[in-house]
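Take a look at the structure below.
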2 protein chains.
Amino acid sequence: MNRRDFSIALGALPLLSWVISAASAAGPAEAPKPKIGMLIYPGMILQDLVGPQTVFSILQADIRLVWKDRKPVMTDVGIALTANDTFDTCPPELDVLFVPGGLGGSIACMKDAEVTGFLASRGARARYVTSVCTGSLVLAAAGLLRGYQATSHWYVRDLLPLMGATLGAERVVEDRNRFTAGGVTSGIDFGLTLAARLSNDDTARRIQLLIEYDPKPPFAAGSPEGAGPALTQEILQRRAPLIASVRKEAEIAKERLGI
Amino acid sequence: MNRRDFSIALGALPLLSWVISAASAAGPAEAPKPKIGMLIYPGMILQDLVGPQTVFSILQADIRLVWKDRKPVMTDVGIALTANDTFDTCPPELDVLFVPGGLGGSIACMKDAEVTGFLASRGARARYVTSVCTGSLVLAAAGLLRGYQATSHWYVRDLLPLMGATLGAERVVEDRNRFTAGGVTSGIDFGLTLAARLSNDDTARRIQLLIEYDPKPPFAAGSPEGAGPALTQEILQRRAPLIASVRKEAEIAKERLGI
């Protein structure tokens, strides 16, 4: 079943067509679908990808999951993904280049010249270079955040300046064509923010209403400030070995980038 | 690679072990992992599943994706899922029975006696019977929400009373052991709420900080009230044929349930 048949089966096509035609009404009459390349990799966090992918999918973007090969890639929750494109077949000109997080897997990507080389080549030409969670560490290791404000998961974001970025304060940090977001669930905020740029605010609002994004977290513990120092320190202590590994990779990248 | 090897590869196991041992410290010394059966079906919305699954996965729950067979099941974003258990192999006693949404697919499930029969059998014995988005329509068609407060995606939630439920006002509606949540993104709020019941508040807070759930939606359009009547009416009008189909199925279920 191809995507069009699937959308019809879902009963979603009339609505999707209308969302996109509403977007087109405010822009060029025959706006092409935005071409979005989303990196996938072993050990990635599936939520980091699915949040923005859900938004871009309603926007009827041309979404490609991209990896070195088409072997199944295992994610944190035990669901395997398969790439639609390899590094070789991924179009050279993307509207959006996106990297999800997943700390162990992100470290492996930071030290993999094939991955950073692919990101550097597509990132140099993409309209938007973007990430959620520790995906920004991979972008930075590819030299793509040098001289830009950026963010990452709260427990590693202070490592970004090692690779030439300035730490931004927001949940979604926008600096020229770089959009980087905080940990895991920030992908929904990021997706809607970028959807507004790719189309317009009204289309992004329509998507937000369709996915009923009116969050009511049961606790106020979603940030170090909200969770308090005790809980924050506990997590930092438990994550210390992994944070030390990513710091080491960031320092190696700093040398390589000549920063 | 099995789940344990994968967790080690991800560098996540030490943290996960600590999350669960922190949970255990407040409860029985050797609390067994909660057994969670999550229905998957063609046309489902992947975000509805992945939000709570991410939370339950950090809680180290024993998560099983369940469907009629092990053929790939296509989701809204073009990612296929494969069941770990069929209706036959799914354990009879679940701690949590969960149903995601996906309107076209939900309608197909409401009229499928094999699906509603499976849900009724597991739902009668599960500690918690739960859903996100239009998953509650499927639970209701299986007779599992009769006499309970419940909710669903905003554009179809008023159909729940046809099948014997009372409409609740919250984003996550909890009535005895039934937990139903609003559209799509409410699955994260639901997952954290249920994680607190399955373990304790501190463990849920820890997970919330790990997934950095400190939402900052770029617009206030996530509910009909926030989006305003014009946008809401536009969506209701576009979705009218699909809403009419689900109303028809709800009325058939009402007859079948003798309500």
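Observations on the structure shown:
- For region B:102-143 and region A:48-116, distance of Cα centres in Å: 32
- Accessible surface of B:ASP62, taken over heavy atoms with a 1.4 Å probe and every protein chain present, rounds to 40 Å².
- Nonlocal amide H pairs with B:VAL156, under 5 Å, H built at 1.01 Å: none
- Partner chain coverage, peptide A:184-193 - average Cβ within 10 angstrom: 5
- Helix B:229-238 and the longest principal axis of the C-alpha atoms of chain B enclose an angle of approximately 80°.
- Karplus 3J(HN,Hα) series, Hz, for region B:180-191 with 6.51 cos²θ - 1.76 cosθ + 1.60 (x for Gly, Pro): 10, 10, x, x, 5, 6, 5, x, 6, 4, 4, x
- Averaged over B:200-209, number of beta-carbon atoms from partner chains that fall within 10 Å: 6
- Region B:33-257 - percent of accessible surface contributed by carbon and sulfur, probe 1.4 Å: 48
- Normalised Debye scattering of chain B at q = 0.11, 0.14, 0.15 Å⁻¹ gives log10 I(q)/I(0) of -0.59, -0.95, -1.09, counting only Cα atoms as equal scatterers and leaving out solvent.
- For the segment B:219-229, counting C-beta atoms of other chains within 10 Å of every residue's C-beta and taking the mean gives 6.
- Take region B:33-257 with all the other protein chains still there, run a 1.4 Å probe, and you get 33 Å² of accessible area per residue.
- Chain A packed on chain B takes about 6200 Å² of accessible surface away from a 1.4 Å probe, both sides summed.
- The residues of region A:73-98 occluded by other protein chains by 40 Å² or more of accessible area, set against the chain on its own, are A:MET74, A:ASP76, A:VAL77, A:ILE79; surface from heavy atoms, 1.4 Å probe.
- The H on the amide N of A:VAL77, modeled in the peptide plane, is under 5 Å from the matching H of A:LEU46, each at least 5 residues off or on a different chain.
- Coupling constants for region A:82-91 follow from the phi torsions by the Karplus curve (6.51 cos²θ - 1.76 cosθ + 1.60, θ = phi - 60°), and in residue order they are 10, 5, 7, 10, 9, 4, 6, 8, 4, x Hz; glycine and proline get x.
- Heavy atoms of A:LYS33: accessible area, 1.4 Å probe, square angstrom to 10: 120
- Expressed as a fraction of 2.2 N^0.38 Å, the value expected for a compact globular protein of N residues, the C-alpha radius of gyration of the protein assembly as shown is 0.92.
- Mean shadow area of region A:130-259 over all directions, Cα convex hull, nm²: 8.5
- Estimated from helical segments only, the mean residue ellipticity of chain A at 222 nm is -13500 deg cm²/dmol, where each DSSP H run of four or more residues counts as -39500 (n - 2.57).
- Modelled label reach - B:ILE259, point 7 Å along Cα→Cβ, region B:168-185 residues with backbone N closer than 16 Å: B:168-169, B:175, B:178-181
- Annotation: extensible slack from B:LYS248 through B:LYS111 equals 48.3 nm (criterion: 0.36 nm per residue apart, minus Cα-Cα distance).
- Whole-Hz couplings from phi, Karplus 6.51/-1.76/1.60, listed for region A:242-259; x for Gly and Pro: 6, 5, 5, 5, 6, 4, 4, 5, 5, 5, 5, 5, 4, 4, 4, 7, x, 9
The values are calculated or read from the model by the stated rules, or taken from the named source; none is laboratory data. In this text the structure is predicted, and so the values were computed from the model without any measurement. Cβ: placed from backbone, ideal geometry, glycine included. Neighbour counts: every protein chain shown. Heavy atoms of the whole protein, side chains included, go into the accessibility calculation; ligands, DNA and RNA do not. Shrake-Rupley method; radii C 1.70, N 1.55, O 1.52, S 1.80 Å.
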